[in-house]
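In what follows, a structure is listed as structure tokens, so that the remarks can point back to it.
The values are calculated or read from the model by the stated rules, or taken from the named source; none is laboratory data. Here the structure is a predicted model, which is why all the values come from computation and not from measurement. Please note: Cβ atoms are built from the backbone with ideal geometry, for glycine as well, and neighbour counts cover all protein chains shown. Side chains included, ligands, DNA and RNA excluded: accessible areas come from the protein's heavy atoms. Shrake-Rupley method; radii C 1.70, N 1.55, O 1.52, S 1.80 Å.
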Amino acid sequence: MEIGIIGAPQSGKSTLFTAITGVEPGNEVGKRAVVKVPDPRLDHLTDVFKPKKKINATVNFIDAPPPQSMSAKRGSAPSFLGFIKTVDAILVVSACYRDGGAKELQDIMEMLLLSDLEVIEGILARENKIKIDPKYSGPSMELLRKLAGELEQMKMLRNIELSEKELASLSGVQLFTKYPTFVALNVSENDIKGELKGEAKKAADYLDSIKTPYIAVCALIEAEIATLPDEDRESFMQEYGLESTASDRVIQEVYDLLGYQTFFTVGEDECRAWTIRKGDNAVTAAGKVHSDIAKGFIRAECCTYEDLLASDNSLQKAKANAKLRLEGKEYILKDGEICHFRHSG
Ligand SMILES: Nc1nc2c(ncn2[C@@H]2O[C@H](COP(=O)(O)OP(=O)(O)O)[C@@H](O)[C@H]2O)c(=O)[nH]1
Ligand SMILES: [Mg+2]
């Protein structure tokens with residue numbers, strides 16, 4: 001899973017990148033870093049099963065470069081686009097600690113929108129050729145005209161309802177407003193607590209109007225916290241009245257936005273957290289562990305985390321209490337289940 005961080009120059013992208021990952025990007029363009037997804041349930045399972053290894057789920061972050069120019073013009077693709085071509089979600093930073101941050105956020109959103117409009121107009125311009133091309137399998141011209149119309153009304157493609165078929169037809173087209181997107185309102189250290197005001201309020205009102213979620217952070221303070229030794233972190237957070245770190249809040253937002261949840265595998269070798277989407281079934285989960293396990297899938301032995309706790313942390317007891325269930329391929333996993341996949345081969 002990969003998240004691209006974009007924003008205006010000096011909006012605090014690199015500072016937020018450090019706050020989330022604990023890594024300083026320095027002058028490196030497009031720096032990547034990986035974050036372990038914190039999960040107290042995995043910590044507990046590790047205490048119980050005492051494996052050789054504990055493996056958290058991970059999320060990658062990219063500190064994308066700023067656009068060369070802040071004016072969204074046709075024919076001038078911003079430099080961050082190439083860096084967010086393959087991400088799962090986009091995180092936009094808005095410099096709400098200074099004047100103009102809200103306007104810049106709007107400009108960045110419009111750059112994404114303009115890029116999509118150009119891509120769509122580019123296909124529409126080839127309409128006559130496409131019509132006689134038997135190999136064309138992309139979106140219909142009718143759909144593209146509808147989407148272009150919506151984009152011209154400043155509507156992000158992710159907020160337009162599309163059928164499964166329409167979505168599938170768009171899968172080969174590089175459209176940026178289709179990505180799940182959220183915003184970090186980078187507020188000054190005086191505004192960490194309390195209601196949003198000034199630039200942050202302006203940015204939030206704009207984001208409400210384009211149906212885009214946001215969180216407020218003070219990147220500067222959070223970056224400082226993220227690079228402190230573990231033992232000093234707690235007292236520093238208390239000083240600022242912070243209950244959770246920016247990293248935790250960003251990761252939580254990513255999971256909510258993408259509809260992700262976790263399942264666990266446990267054993268002597270490793271206890272591991274895996275990421276799946278809500279609504280994924282047992283065979284999809286098995287495929288995360290290994291494609292061969294999905295192929296030879298027989299049954300999944302599943303126990304919810306709560307049922308394991310209620311069975312004194314013992315899978316044997318859970319089994320005796322009928323809390324360790326045998327499930328088939330189509331079984332839809334709940335969040336936090338402990339799974340063992342029986343498979344052939
Ligand atoms: N006062 C204040 N300054 C910030 C904050 N976040 C970033 N900055 C400053 O803005 C400048 C640019 O930050 P940086 O993260 O490098 O921005 P980038 O260009 O978006 O990567 C740095 O001098 C930071 O100290 C903030 O929350 N408050
Ligand atoms: Mg930077």
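How about the range 117-143: which of its residues are of a type outside the set (A, V, I, L, M) and either in a loop (DSSP other than H, G, I, E, B) or touching a helix residue (DSSP H, G or I) at 6+ places or on another chain (Cβ under 6 Å) (or both)? Answer for the range 117-143, where residues must be of a type outside the set (A, V, I, L, M) and either in a loop (DSSP other than H, G, I, E, B) or touching a helix residue (DSSP H, G or I) at 6+ places or on another chain (Cβ under 6 Å) (or both): R126, E127, D133, P134, K135, Y136, S137, G138, P139, S140. Just so you know, in the range 285-318 the residues that are among the acidic types (D, E) and outside any strand (DSSP E or B) include one that is nearest to T262 (Cα to Cα), and it is E306. Look at (1) within 16 Å of ligand 2 (Cβ to nearest atom); (2) in a loop (DSSP other than H, G, I, E, B) and you find that D99 fails only one, number (1). Looking across the range 21-38 at every residue that is touching a Gly at 6+ places or on another chain (Cβ under 9 Å) and on the phi < 0 side of the Ramachandran plot, the one that is nearest to ligand 1 (Cβ to nearest atom) is identified as A33. Here is a check on your reading of the model: is D63 among the acidic types (D, E), in contact with a strand residue (DSSP E or B) (Cβ under 6 Å, 6 or more places away or on another chain), touching a residue at least 24 places away in the same chain (Cβ under 8 Å) and assigned by TED's automatic domain parsing to the domain that holds E199? So D63 fits the description; yes. The condition of being within 24 Å of E28 (Cα to Cα) and more than 16 Å from ligand 2 (Cβ to nearest atom) holds for only one of L91, L117, L112, that being L112. For the range 1-20, which positions are open to solvent by 20 Å² or more (accessible area, probe 1.4 Å), within 13 Å of ligand 1 (Cβ to nearest atom) and either under 14 Å from the mean Cα position of the chain (by Cα) or among the small types (G, A, S) (or both)? Of everything in the range 1-20, just one residue is open to solvent by 20 Å² or more (accessible area, probe 1.4 Å), within 13 Å of ligand 1 (Cβ to nearest atom) and either under 14 Å from the mean Cα position of the chain (by Cα) or among the small types (G, A, S) (or both), namely S14. If only residues of the range 80-99 that are over 21 Å from the mean Cα position of the chain (by Cα) and open to solvent by 30 Å² or more (accessible area, probe 1.4 Å) are counted, the one that is farthest from ligand 1 (Cβ to nearest atom) is D99. In the range 11-27, the residues that are in the same structural domain as L228 (by TED's automatic domain parsing) and within 9 Å of ligand 2 (Cβ to nearest atom) reach residues that are open to solvent by 20 Å² or more (accessible area, probe 1.4 Å) and outside any helix (DSSP H, G or I) with C-beta atoms within less than 6 angstrom, at least six apart or across chains, in these pairs: P25/K31.
For the structure I just gave you, tell me whether P40 is within 16 Å of ligand 2 (Cβ to nearest atom) and either in contact with a Cys (Cβ under 6 Å, 6 or more places away or on another chain) or not charged (D, E, K, R) (or both). Steps first, answer last, please.
Details: within 16 Å of ligand 2 (Cβ to nearest atom): no; either in contact with a Cys (Cβ under 6 Å, 6 or more places away or on another chain) or not charged (D, E, K, R) (or both): yes.
No, not satisfied.
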